[in-house]
Amino acid sequence: MTLAQTNLLAGVGEDGRHLYTCPLCEAMCGLEIHVDGGRVSSIRGNRDDTWSRGHICPKGATLGAVHEDPDRIRRPLIKVDGQWREVSWDAAFRRCTELLAPVIERYGIGAVTCYTGNPLAHSFSLGRYTGVLLGMSGIPLSYSPGTVDQWPKNLSSHLMYGGWWTFPVPDIERTDLLIVMGANPAASQGSLLAAPDVMGIIDAIRKRGRVIVVDPVRTATAARADEWLPITPGTDAALLLAVSHTLFAEDLVDLGALAPHIDGLDRLRAVTADWPPERVADVTGIDAERIRALARELAGTQRAVVYGRIGLCNQEFGSLASWLVDVVNILTGHFDTVGGAMFPLAAAWSVTVQPIPGLEDGAPEFGRFRTRVRGAKEVLGQVPVSCLAEEIATPGEGQIKALITVAGNPVLSTPAGHLLDEALPKLDAMIAVDLWLNETTRHADVILPAPSPLEQPHHDDLILNFAINSIANYSAPVFEPEDPDRPQEWEILIRLTGLCTGTPAEDVDVAAIDDGFFDYMAFTQGLDGAELRKHYTRGGPERILDLTLRTGPFGDRYGEHPDGLTLDKLKAQPNGVNFGPMVPRIPEVLGTADKKIRLAPQYLLDDVPRLAARLNRAPDELVLVSRRHLRSNNSWLHNVGPLMKGRDRCTLLMHPDDAARRGVATGDVVAVASAGGCIDVPVEVTDAIKPGVVSMPHGWGHGKPGTRLSVANASPGVNTNVLSPPTFLDEPSGNGALNGIPVTVSPSTT
Ligand SMILES: Nc1nc2c(c(=O)[nH]1)N[C@H]1C(S)=C(S)[C@@H](COP(=O)(O)OP(=O)(O)OC[C@H]3O[C@@H](n4cnc5c(=O)[nH]c(N)nc54)[C@H](O)[C@@H]3O)O[C@H]1N2
Ligand SMILES: Nc1nc2c(c(=O)[nH]1)N[C@H]1C(S)=C(S)[C@@H](COP(=O)(O)OP(=O)(O)OC[C@H]3O[C@@H](n4cnc5c(=O)[nH]c(N)nc54)[C@H](O)[C@@H]3O)O[C@H]1N2
Ligand code: SF4
Ligand SMILES: [Mo]
């Protein structure tokens, strides 16, 4: 784009053409948004975007509908005698103080916790400032969907590379053989793998090589692949141990240039010796010969990579599976090399990549504390999110009395969310920062509304660490805030942080805390924050972004590299800048004390006997797995009319043989029962699923009284997480096992 074209862009709040990066998922699509008469008239992919080149999905196209949703909360709400009342921001913050201060005074800050949800990872403001709330409020233990998502990956990366967010990402643009395990990018658009038009890239791999999908479901991704290997849920670690066994047994291990940086090869060889393919064929459902061939194929292809995602994390052996994906990539020489798994180089660094205090050198000292009720052990500072309900509901010393939720809907999204639904009314105080009055926020005493995405600037943060190119792209807001008094979310978080440390929320010196945070961020780069602050007239996330860009790998380091990147320079490039594909980063990227990769961490080896015991378990009658849909986003976006068109998506997929055995057909309502509970759901019979497995989407179960979601409530679906037993976990990480849940299915009697 030329400068003249840039000038054709409309300013904030003006009619005309805006360029804006979609904040909804990891694909980070550059959008072209037309505003006419103050309303979004069209949204399409921006072909000139240096990253996404015009890609868009149906969700991005509805950001205008999200903005205009009449149900969206626009003014703060406080609950008075059970009724919601709209109030000023000042009054809302005063109410937060009235509610929270007495709890802290009476029970201490240990009685306060927060739940910070998934959208914060994509938010300009929250992504950069959640660390303030979690790090400076004094709240000792917080909860997040991290422990129903990527905790096993955080754990294996912490143990292997000495960095809990140091994730290897498959270099899909340049690989010739891609093995996808437990991911469905056709729906999710990539996860811990940020790629523009991920399915287009996968189609291109097929043209030059091969794509294999290992999944109990023949997903849209599997249907587009060269081969679908239907696997028994929860057995991927066994499969990968057998692949590793074959690599050793057939002398196919080739570490390449990585050899001097690897520690633990012999230990790994000894462990895999007991795992020949024949031992795992029955339990995985994959032929021993096919497993051997897989190992040979990987070893024999110069550019090949295994990619594992949520189906490998959210399962009983999530840590072993997450670790072994990396092991196989390393053993076959497809690690830190072009076309293999590589470590992205983020143009702007993220505070999340800082080591966890007390665990800096990768020492596997977990269980530093245990939860009060269940005795669950801490891992990397968190405990299973399913503990939250019991910590609120169980009286006694240390009981949780106050909860702050930020961008989360745990009543639908977390295991046994129905128990949380019952527990939340027991709180003395609940404050929610959200956009809707939904299944979780209906229990709050105060709701502090977030701005709509189009009212905020955007530049990703954490997600850049998963991106296959090093990119930067700043978007100005499309609209001015509808409410001129409205604080941005980072200010809300700072006020709540101050409140937790004893200052009334309305009196918190936002600028002082913001300066302190900036100084800390600068300090981590060996710079003097007070000095640097002289460069700026304003604080907030733009100042943090400028710091992280300028001290990042392509930055100007405040004048040291005059040609380097600054936020101002980036703002002059509305199509973003793209510094190209991933580059080798070992050993520089390693945070281990000896700068080596720990190939066989003892903490993980200790879990192998649990997997061995699994081999002898009698097969379950049926097991339940989860699925996503392109037009959903976990539990939200169900209130966006255009995304809800088409047939009911909240169905139970079941193989024809299993359906016939139970006398049920498509459309019949069945009762699904697990150790956690029972739900009624319509069945959808399909051969696109392995016999013995059934699949449900999560994030449904709307229609609760007191919610304001007119579209979602008209097609509520049911909450599959009623079936997720809170104690069904991946033990080393404490991550919820939301896949592979034993269930029974019978025709519904209600
Ligand atoms: N059975 C099953 N359950 C699962 C999963 C599964 O695969 N199977 N997946 C799990 C995973 S991976 C995740 S990440 C979790 C997700 O769980 P959560 O992180 O709790 O996410 P959501 O349920 O989507 O709720 C997001 C909330 O954020 C609000 N929101 C959206 N944008 C913003 C914003 O900019 N600011 C603020 N303040 N609020 C915003 C929405 O209104 C909504 O209330 O679900 C988990 N649950
Ligand atoms: N449209 C849309 N996009 C999203 C989201 C969304 O809700 N909707 N959510 C976002 C979030 S929070 C996340 S974390 C990512 C997740 O992104 P992905 O990891 O791609 O998640 P899914 O699409 O749920 O695909 C998981 C697959 O794992 C399979 N699976 C289940 N159990 C097993 C098992 O034991 N072994 C194997 N091999 N496979 C198994 C399931 O059948 C499913 O096909 O998506 C993100 N993107
Ligand atoms: S794939 Fe869809 S939701 Fe994801 S960034 Fe692109 S437009 Fe947004
Ligand atoms: Mo997630």
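The values are calculated or read from the model by the stated rules, or taken from the named source; none is laboratory data. Since the structure is predicted, the reported quantities are computational estimates derived from the model, not experimental observations. Glycine gets a Cβ as well: all are built from the backbone with ideal geometry, and neighbour counts include every protein chain shown. Just so you know, the surface numbers come from the protein's heavy atoms only, side chains and all, with ligands and any DNA or RNA stripped out. Shrake-Rupley method; radii C 1.70, N 1.55, O 1.52, S 1.80 Å.
Count, please, the residues in the stretch 137-166 that happen to be of a type in the set (A, V, I, L, M, F, W, C) and touching a Pro at 6+ places or on another chain (Cβ under 8 Å).
5
Restricting the search to helices (runs of 4 or more DSSP H) fully inside the stretch 1-109 and requiring at least 3 residues that are within 30 Å of Gly580 (Cβ to Cβ) gives 3-7. The numbered conditions (1) open to solvent by less than 10 Å² (accessible area, probe 1.4 Å); (2) among the hydrophobic types (A, V, I, L, M, F, W, C); (3) on the phi < 0 side of the Ramachandran plot are all true for Leu345 except (1). If I ask for residues that are outside any loop (DSSP other than H, G, I, E, B) and open to solvent by 30 Å² or more (accessible area, probe 1.4 Å), which ones from the stretch 272-288 would you list? Within the stretch 272-288, Glu278, Arg279, Asp282 qualify. Which of the residues belonging to the stretch 719-750 are of a type in the set (Ser, Thr, Tyr), over 15 Å from Pro415 (Cα atoms) and crowded, with 21+ Cβ neighbours inside 10 Å? Ser733 - this is the single residue of the stretch 719-750 that is of a type in the set (Ser, Thr, Tyr), over 15 Å from Pro415 (Cα atoms) and crowded, with 21+ Cβ neighbours inside 10 Å. Of all residues in the stretch 420-446, none that is at pLDDT below 95 has its Cβ atom under 9 Å from the Cβ atom of a residue that is assigned to a strand (DSSP E or B), 6 or more apart or on another chain.
For Ala121, indicate whether it is within 16 Å of ligand 3 (Cβ to nearest atom), open to solvent by 20 Å² or more (accessible area, probe 1.4 Å) and in contact with a helix residue (DSSP H, G or I) (Cβ under 9 Å, 6 or more places away or on another chain). Taking the combined requirement at face value, the residue satisfies it.
Each residue in the stretch 170-187 was checked for being touching a helix residue (DSSP H, G or I) at 6+ places or on another chain (Cβ under 9 Å) and buried (at least 22 other Cβ atoms within 10 Å of the Cβ), and 12 pass. Looking across the stretch 105-118, the residues that are over 17 Å from Val373 (Cβ atoms), more than 16 Å from ligand 4 (Cβ to nearest atom) and surrounded by fewer than 22 Cβ atoms within 10 Å (Cβ to Cβ) come down to Glu105, Arg106, Gly108, Ile109. Considering the stretch 161-194, the residues that are over 18 Å from Ala222 (Cα atoms) and of a type in the set (Gly, Ala, Ser) include one that is nearest to ligand 2 (Cβ to nearest atom), namely Ala194.
Within the stretch 301-329, if we keep just the residues that are in contact with a Pro (Cβ under 6 Å, 6 or more places away or on another chain) and of a type in the set (Gly, Ala, Ser), the residue that is farthest from Ser724 (Cα to Cα) turns out to be Ser322. Within the stretch 35-55, the presence of at least one residue that is outside the structural domain of Ala194 (by TED's automatic domain parsing), within 16 Å of ligand 3 (Cβ to nearest atom) and within 27 Å of Leu448 (Cβ to Cβ) is confirmed.
On the stretch given as the stretch 522-554, residues that are in contact (Cβ under 8 Å) with a residue 40 or more places away in the chain and under 23 Å from Phe579 (Cα atoms) total 10.
Residues being out of contact with any Asp or Glu (no Cβ under 6 Å at 6 or more places or on another chain) and more than 16 Å from ligand 1 (Cβ to nearest atom) are represented in the stretch 60-71 by at least one member.
Every residue, every condition in (1) surrounded by 23 or more Cβ atoms within 10 Å (Cβ to Cβ); (2) part of a helix (DSSP H, G or I), yes or no:
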{"position": "Thr221", "(1), (2)": "no, yes"}
{"position": "Pro233", "(1), (2)": "yes, no"}
{"position": "Ser244", "(1), (2)": "yes, yes"}
{"position": "Ala259", "(1), (2)": "no, yes"}
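The criterion of at least 1 residues that are among the β-branched types (Val, Ile, Thr) and closer than 30 Å to Asp251 by Cα is met, among helices (runs of 4 or more DSSP H) falling completely within the stretch 294-396, by 318-331. Scanning the stretch 42-66 for residues that are surrounded by fewer than 19 Cβ atoms within 10 Å (Cβ to Cβ) and touching a Leu at 6+ places or on another chain (Cβ under 9 Å) returns Arg44, Asp48, Pro58, Ala65.
Rundown of residues vs (1) in a loop (DSSP other than H, G, I, E, B); (2) open to solvent by less than 30 Å² (accessible area, probe 1.4 Å); (3) modelled with pLDDT of 95 or more, yes/no style:
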site: Arg557; (1), (2), (3): yes, no, yes
site: Leu570; (1), (2), (3): no, yes, yes
site: Asn578; (1), (2), (3): no, no, yes
site: Glu588; (1), (2), (3): yes, no, yes
site: Leu611; (1), (2), (3): no, yes, yes
site: Pro619; (1), (2), (3): yes, no, no
site: Val625; (1), (2), (3): no, yes, yes
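Checking each residue in the stretch 627-648 for being of a type in the set (D, E, K, R) and at pLDDT 95 or above picks out Arg627, Arg628, Arg631.
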